[in-house]
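Please treat every number below as a calculation from the coordinates, not as lab data. Just so it is clear, the structure is predicted and the values come from calculations on it, not from any experiment. Using ideal geometry, Cβ is built from the backbone for each residue, glycine included, and neighbour counts are taken over all protein chains shown.
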There are 2 protein chains.
Amino acid sequence: MMVGDEIKTIQTIAILGGTGKEGKGLAFRWARAGYRIIIGSRSLEKASAAVVEVKGYFDKAVQVEAMLNQAAAAAGDVIILTVPFSAHREMLESVKSELQGKILVDVTVPLVPPRVTRVQMPPAGSAAQEAQQILGEGVLVVSAFQNISYENLLTQEDIDCDILVCGSGKAAREIVLTLIKAAGLIGWDAGPLENSVVIEGLTSILIGINKQYGVKSSGIKITGVGGAEKK
Amino acid sequence: MMVGDEIKTIQTIAILGGTGKEGKGLAFRWARAGYRIIIGSRSLEKASAAVVEVKGYFDKAVQVEAMLNQAAAAAGDVIILTVPFSAHREMLESVKSELQGKILVDVTVPLVPPRVTRVQMPPAGSAAQEAQQILGEGVLVVSAFQNISYENLLTQEDIDCDILVCGSGKAAREIVLTLIKAAGLIGWDAGPLENSVVIEGLTSILIGINKQYGVKSSGIKITGVGGAEKK
C-alpha cells in the first residue's frame with residue numbers, strides 16, 4: 001500500500017456511526033481544519049441532522065456531508081469508526097470491502113455493562129485487534145481517541161487529555177498523528193496494534209476515577225517529554 | 001481478613017528483590033516517611049549493601065534492615081515485589097506461605113525482550129493476576145508503581161508521574177494509596193486487579209515514547225480531576 005502517497009492526499013475523512021457526540025466532536029475539529037467530512041449513519045436522516053448541528057458551530061462555510069455508512073466508507077480517504085462495541089463487528093463486516101487499502105481509525109471501547117470500570121477485552125485482545133481480524137491485512141487499523149471527553153471537542157477550548165495512537169505500521173500512525181494535530185490535540189505514538197488493550201482499557205480506569213472522585217472528564221497527559229510533542 | 005486493623009498497624013514494609021533501583025527508591029521514600037523498611041534479597045550481602053546505600057541518603061537515623069527474601073516476607077506488614085518478570089513466579093512460590101493474610105504490592109512488568117515496547121501479557125492476563133493465581137485468595141494482591149522512573153525516587157524532588165493502583169478490594173487499594181501519599185507521590189484508585197493489564201502495559205508504551213521522542217523518563221498524569229487527589 002502506498003501509504004506515503006496518502007499522506008499528501010488525505011482530503012476526506014469519513015466518520016462511521018458519526019451521529020453521536022464522539023463523531024460530531026471529531027467532525028467539528030476536522031471541518032475547522034479544512035478537511036472534507038462525511039458523517040455516516042445507518043439513517044441518512046440522522047446523519048443529515050448531525051451535519052446541520054456541526055455546521056451550526058461555524059460562521060464560515062465548511063465541508064460536512066451526510067451519507068449512509070457504506071457510501072461514507074467508500075468516499076473517505078481515512079475512515080473513523082465511532083460505534084458502541086455492540087455494533088462493532090456488524091459494522092466492520094458491512095464495510096469491509098470499502099475499507100481495503102485505507103486506514104481505519106477505531107475509537108471503540110469494548111465496555112461490558114454494567115461493569116464498565118472493569119477492563120474486559122474481547123478474545124482478539126482488544127476491539128482494534130478484533131477490527132484487524134475482521135478486515136484482514138489489507139486495511140491499516142489504528143487505535144486512537146478512546147480517552148478524551150467528547151463534549152469538550154465541540155468547543156474551541158484546549159483539551160486536557162493527550163491521545164495515544166497505536167496501530168498497524170508507523171506510517172499509518174504518523175498519518176493519524178497528523179490528523180490529531182490538525183484537530184488541535186496532542187498525540188503520541190504508542191506503538192503496535194497489540195498495545196490497544198492499554199488505550200482501550202484506560203477508558204475503564206478513567207470512568208472509575210470519574211465516579212470515585214466525583215469528576216466528569218478525567219484524562220491523561222504524558223509527562224517527562226519536555227517539548228517533544230512539538231517536534 | 002481484618003484489613004481495617006491493618007491500616008492502623010502498618011509499620012514494616014518489606015521490599016522483596018529490593019536491591020535494584022526500584023527497591024532502593026521506594027525504600028528511601030518510605031524510610032523518609034518513618035516506616036521500618038526491610039530490603040529483601042537472595043543474597044544477604046547484596047541486601048546489606050542496599051541498606052548502606054539507602055541509609056547514606058539520610059542525615060538522621062532511619063529504620064532500614066537487610067534480610068533474605070523469605071525472612072523479609074515474614075517480617076513485613078505489607079510486601080512489595082520488585083523483581084524482573086523472569087523471577088516473578090519462582091519468587092512468589094518461595095514466599096507464598098509468608099504472604100498469607102497480607103497485602104502484596106506487585107511492581108512487576110512482564111516485558112518480553114527484545115520487544116519491550118510491545119504489550120505482551122502472560123496467560124493470567126497480567127503479572128499481578130498471575131501473582132494472585134500463585135498466591136491464592138488469602139493474599140490481597142495490589143498492582144502499582146510500574147510507570148515511575150525510579151532514579152527520581154532517590155531524590156527529594158517531586159515525581160512528575162502519577163501512580164495507578166488496582167487490586168483485590170477497595171480496602172487494600174486504600175492502604176496502598178496511603179503508602180503512596182506517604183512516599184510523596186500521587187496515586188489513583190484504578191479499580192479491580194483485572195485492570196492491571198493497562199497499568200503494566202502502559203510501561204511498554206512509555207518505553208516506546210522514551211525511545212521515539214528521545215527522553216528518559218516519560219510518565220503520565222491524570223487530568224481533569226481538579227484537586228480531587230487531595231481529598
Q: Any chance you could get the radius of gyration and Dmax over the Cα atoms of the protein assembly as shown, in Å?
A: 23.7, 75
Q. Which is farthest toward the positive dipole end of region A:1-116 among A:20, A:63, A:83, measuring Cα position about the Cα centre, with Cβ charges +1 (Lys, Arg) and -1 (Asp, Glu)?
A. A:20
Q.
Could you compute how fast region A:27-75 diffuses translationally, taking Rh as the Kirkwood radius over C-alpha pairs and applying Stokes-Einstein at 25 °C with viscosity 0.890 mPa s? Give it in µm² per second.
A. 231 µm²/s
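For region B:83-171, state which trypsin sites (Lys or Arg not before Pro) are in a DSSP loop and have at most 13 other beta carbons lying within 10 Å of their beta carbon.
B:115
Checking the table B:24/B:170; A:96/B:216; A:211/B:60; A:221/B:181; B:60/B:181; A:24/B:181 against a 31 Å threshold on Cα-Cα, which pairs fail?
A:96/B:216; A:211/B:60; A:24/B:181
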Q: Have a look at the DSSP beta bridges in region A:74-231 and tell me what percent are antiparallel, nearest 5.
A: 15 percent
Q.
How shielded is B:210-218 by partner chains, expressed as the average number of their Cβ atoms within 10 Å of its Cβ atoms?
A. 5
Q) Using the Kirkwood formula over every pair of different C-alpha atoms, what hydrodynamic radius in Å results for region A:115-231? A) 15.1 Å
Q.
To check you understand DSSP bridge types, tell me what percent of the beta bridges within the protein assembly as shown (both residues inside) are antiparallel, rounded to 5.
A. 15 percent
Q) Excluding residue B:47 itself, what net charge comes from residues whose Cβ is under 14 Å from its Cβ, given Lys and Arg +1 and Asp and Glu -1? A) +1
Q. Lys/Arg Cβ at +1, Asp/Glu Cβ at -1, dipole of the protein assembly as shown taken about the Cα centre: which of A:48, B:224, A:164 is farthest positive-ward?
A. B:224
Q.
Give me the net charge for the shell around residue A:65: Cβ to Cβ below 15 angstrom, other residues only, Lys and Arg +1, Asp and Glu -1.
A. +1
**Q.** Net charge, residue B:196 excluded, C-beta distance under 14 Å - Lys, Arg +1, Asp, Glu -1
**A.** -3
Q: Set the Förster distance to 56 Å, then compute FRET efficiency between residue A:94 and residue B:137 from the Cβ-Cβ distance, nearest 0.05.
A: 0.80
**Q.** Per residue, the convex hull volume that the Cα atoms of region A:1-137 enclose (Å³)
**A.** 114 Å³
Q: Name the long-range amide H neighbours of residue B:166: under 5 Å, sequence gap of 5 or more, or other chain; modelled H, no Pro or chain starts.
A: B:143, B:190
Q. Out of region A:151-197, which GluC sites (Glu not before Pro) are coil in DSSP terms and have no more than 16 other C-beta atoms within 10 Å?
A. A:157
Q | For residue B:102, residues with placed amide H under 5 Å, excluding near neighbours | A | B:140
Q | Lys, Arg +1 and Asp, Glu -1 on Cβ, resulting dipole of chain B about Cα centre, debye, nearest 20 | A | 360 debye
Q. In percent, what relative contact order does region A:55-209 have, based on Cα pairs under 8 Å that are 6 or more apart in sequence?
A. 22 percent
Q) Once Lys and Arg get +1 and Asp and Glu get -1 on their Cβ, which of A:152, A:113, A:140 lies farthest toward the positive end of the dipole of region A:112-167? A) A:113
Q) Per 10 Å bin, what is the whole-percent P(r) computed from every C-alpha pair distance within chain B? A) 8, 35, 39, 16, 1
Q: With +1 on each Lys and Arg Cβ and -1 on each Asp and Glu Cβ, and nothing else charged, work out how big the dipole of region A:115-186 is about its Cα centre, in Debye to the nearest 20.
A: 280 debye
Q) Suppose every K and R has +1 on its Cβ and every D and E has -1 on its Cβ; what is the size of the dipole of the protein assembly as shown about the Cα centre, in Debye to the nearest 20? A) 500 debye
Q: Report the trypsin sites (Lys or Arg not before Pro) located in region B:12-88 that are in a DSSP loop and have at most 13 other Cβ atoms inside 10 Å of their Cβ, or state none.
A: B:60
Q. Could you give the length gained on full extension between residue A:178 and residue A:151, defined as 0.36 nm per residue of separation minus the Cα-Cα distance, in nm?
A. 7.5 nm
Q: Give the cross-link partners of residue A:21 among the aspartates and glutamates, using a straight C-alpha distance below 13 Å as the criterion and excluding same-chain residues fewer than 8 apart.
A: A:53, A:151
